[in-house]
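Here the structure is laid out as structure tokens; the discussion comes afterwards.
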Amino acid sequence: MTEVGGALRDYLLDGRPLLDGYGPEEMCTGARGQSLIPWPNRIQGGSYEWEGQRLQLDLSEPDKGGAIHGLTRWRNWEAPAVEHTEDSISFTYTLHSCQGWPWVLDCRLDYQLGQDGLTVRTTAMNRSASRCPYGTGAHPYLSTGVSAPGAINAALVQVPGRTFLPVDERGIPTGRERVEGTEYDLRELQQLGGRHIDVAYTDLVRNADGRARVKLRRPDNSGGVELWVDGSYPYLEIFTGDTLPQPGRRRSGLGVEPMTCAPDAFNSGEGLITLEPGQSHTGQWGIKPL
């Protein structure tokens, strides 16, 4: 973990990486391991309307003319010593009003290791006098244990989405389509191959425990890693990393992004949460070795 963004920097099991992360002296790239508050993914033009007021965020993705991945990913989160144990750690951060965001959120990230792997709980409470829009997400890159360009091509992948959201050149959804008959149909475990994917999936297939699961397994199916989400996350962005600015990181891990709302939800309203004054929202996701 790291205090910058409260991010999940790396995760090892018996020395084997489960994530395509980054070193303790490295700067995070590609949003890897970051938590995304108060919105995941993109806001078109960085602009949205809320209760009759037009708000304009700073453009954190200027090449596409948008705002991406929220406001807390580069902030310094606190990890109070009293919150540490051998298998858990918590981070807190207060997001104050800023350009395009006239509210205050108390944010908390709880990381817990257990027999089934890592559980991440994200909580945000609206401390403002008025209600606010809200969404959250996370941005880990799953790994088969090999970190090299193209490493995920031969891997086996399963994504539980029955619907995907096609996007325009700015990464903004243009509609909804069923996955049947498209390259995005990964409901059955299969080799990823050369698919280029950077879209959100929804209409998720869930197990009896209410969780939806993405699996990335080694080419010989001898093991791998799983990312699960609880019912508070109806969307999963899958990103094969083809557009990362660092050539050495392209397709070296599979980006799997739990999201409580769709991309551009501040404009479309799809999945958007409204937090009343004093109200909080909590969601859980996790990573399990296979």
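Say whether the condition of being within 23 Å of Asp203 (Cβ to Cβ) and surrounded by fewer than 16 Cβ atoms within 10 Å (Cβ to Cβ) is met by at least one residue in the stretch 108-119. If you could, list the steps in order and put the result at the bottom.
First, pick out the residues of the stretch 108-119 that are within 23 Å of Asp203 (Cβ to Cβ): none.
No: the stretch 108-119 contains no residue that is within 23 Å of Asp203 (Cβ to Cβ) and surrounded by fewer than 16 Cβ atoms within 10 Å (Cβ to Cβ).
It is to be established whether one or more residues within the stretch 51-62 are within 18 Å of the chain's Cα centre (by Cα), free of Cβ contacts under 8 Å to residues at least 40 places away in the same chain and under 22 Å from Leu216 (Cβ atoms).
Within the stretch 51-62, none of the residues are within 18 Å of the chain's Cα centre (by Cα), free of Cβ contacts under 8 Å to residues at least 40 places away in the same chain and under 22 Å from Leu216 (Cβ atoms).
Those residues that are more than 16 Å from Glu226 (Cα to Cα) and among the basic types (Lys, Arg), I need them from the stretch 236-290; list them, please.
Selection gives Arg249, Arg250, Arg251.
Take the residues of the stretch 30-62 that are touching a helix residue (DSSP H, G or I) at 6+ places or on another chain (Cβ under 7 Å) and under 17 Å from Ala200 (Cα atoms): which is surrounded by the most Cβ atoms within 10 Å (Cβ to Cβ)?
Checking each candidate, the answer is Trp39.
Results for (1) touching a residue at least 40 places away in the same chain (Cβ under 8 Å); (2) part of a loop (DSSP other than H, G, I, E, B); (3) of a type outside the set (A, V, I, L, M, F, W, C); (4) buried (at least 19 other Cβ atoms within 10 Å of the Cβ), shown as yes or no for each residue.
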{"site": "Glu180", "(1), (2), (3), (4)": "no, yes, yes, no"}
{"site": "Glu183", "(1), (2), (3), (4)": "no, yes, yes, no"}
{"site": "Gly194", "(1), (2), (3), (4)": "yes, yes, yes, no"}
{"site": "Asp209", "(1), (2), (3), (4)": "no, yes, yes, no"}
{"site": "Leu216", "(1), (2), (3), (4)": "yes, no, no, yes"}
{"site": "Pro219", "(1), (2), (3), (4)": "yes, yes, yes, no"}
{"site": "Ser222", "(1), (2), (3), (4)": "no, yes, yes, no"}
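What number goes with the only condition from (1) hydroxyl-bearing (Ser, Thr, Tyr); (2) at pLDDT 95 or above; (3) surrounded by fewer than 21 Cβ atoms within 10 Å (Cβ to Cβ) that Tyr233 does not pass?
Just one mismatch for Tyr233, condition (3).
Within the stretch 31-48, count every residue that is part of a strand (DSSP E or B) and either free of Cβ contacts under 8 Å to residues at least 40 places away in the same chain or small (Gly, Ala, Ser) (or both). Steps first, answer last, please.
From the stretch 31-48, those part of a strand (DSSP E or B) are 35-36, 42-44, 47-48; that's our starting set.
Going one step further and asking which of them are either free of Cβ contacts under 8 Å to residues at least 40 places away in the same chain or small (Gly, Ala, Ser) (or both), we end up with 35, 47.
Of the residues in that region, 2 qualify.
Can you work out which of the residues in the stretch 63-74 that are in contact (Cβ under 8 Å) with a residue 12 or more places away in the chain and over 17 Å from the mean Cα position of the chain (by Cα) is surrounded by the fewest Cβ atoms within 10 Å (Cβ to Cβ)?
Once the filter is applied, the top-ranked residue is Gly65.
Quick check on my filter: what residues within the stretch 107-149 are in contact (Cβ under 8 Å) with a residue 40 or more places away in the chain, farther than 30 Å from Gly223 by Cβ and not in a loop (DSSP other than H, G, I, E, B)?
Passing the criteria: Cys107, Thr123, Ala124, Met125, Asn126, Cys132, Pro133, Tyr134.
The values are calculated or read from the model by the stated rules, or taken from the named source; none is laboratory data. The structure presented is a predicted model; accordingly, all values stated were derived computationally and were not measured. Positions of Cβ are backbone-derived with ideal geometry, glycine not excepted, and every protein chain shown enters the neighbour counts.
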